[in-house]
Amino acid sequence: MKQAGTTSKDGLPGRATQETGEASHGSPPEPGVSWRGVIVRPPARLVLPDGTEPHARFDIPVRGFYLVNVSDTYRHPGPKVLVFTDLESGEESRADMFRQGGEPLVPQVRADPVDPASPQAMRNFFSFNVRDYVRLPLRPARYRLQVLFAGYTSNAPEIEVVQYEQPTWPRRWRMWAALRYKA
């Protein structure tokens, strides 16, 4: 049985984000206990794989962190939402993000109401691959990425995707190779 909202606008299945309590390599630092919101950290520049390389994969890995009030998750229920914008065309894609196991991060309805003045907060580190949620052409481009959760909007970092180029040898190496390997 398919859950409503588990696919993106592009028809891709809503694959899971990995949520961990610990920061992994590349995760944003925790801003402090009084801060509330969402932070994402993708790589600033990615190189498309060489088209001649067999089984080449192109991933856009993103690490993130959120620290939100529990009361905000009740006021703004729903999973994290990925907003991915192509800066050249202006096309925007949105996709619901689910935890491993297919469960959205939505609090269960409680019998006793949550006191908005209560200082309860929830925090977590998460990671995901943008290509699991959004179909992207394999071409050079610039993108902006944001994550919405519990009424908060994350920072909006830009990602530049560039074409793979064959490495060129410095001139002295080419001259050395030409002298050494004369035909």
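The values are calculated or read from the model by the stated rules, or taken from the named source; none is laboratory data. Please read all numbers here as calculations on a predicted model, not as lab measurements. To get the accessible areas, we keep the full protein, side chains included, count just its heavy atoms, and leave off ligands, DNA and RNA. Shrake-Rupley method; radii C 1.70, N 1.55, O 1.52, S 1.80 Å.
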Rounded accessible area of Glu92 (nearest 10 Å², 1.4 Å probe): 80 Å²
Long-range HN-HN contacts of Leu87 with modeled amide H, under 5 Å: Arg142, Tyr143, Arg144
Largest-first principal axis extents of the Cα set of the stretch 43-86 (Å): 52, 21, 16
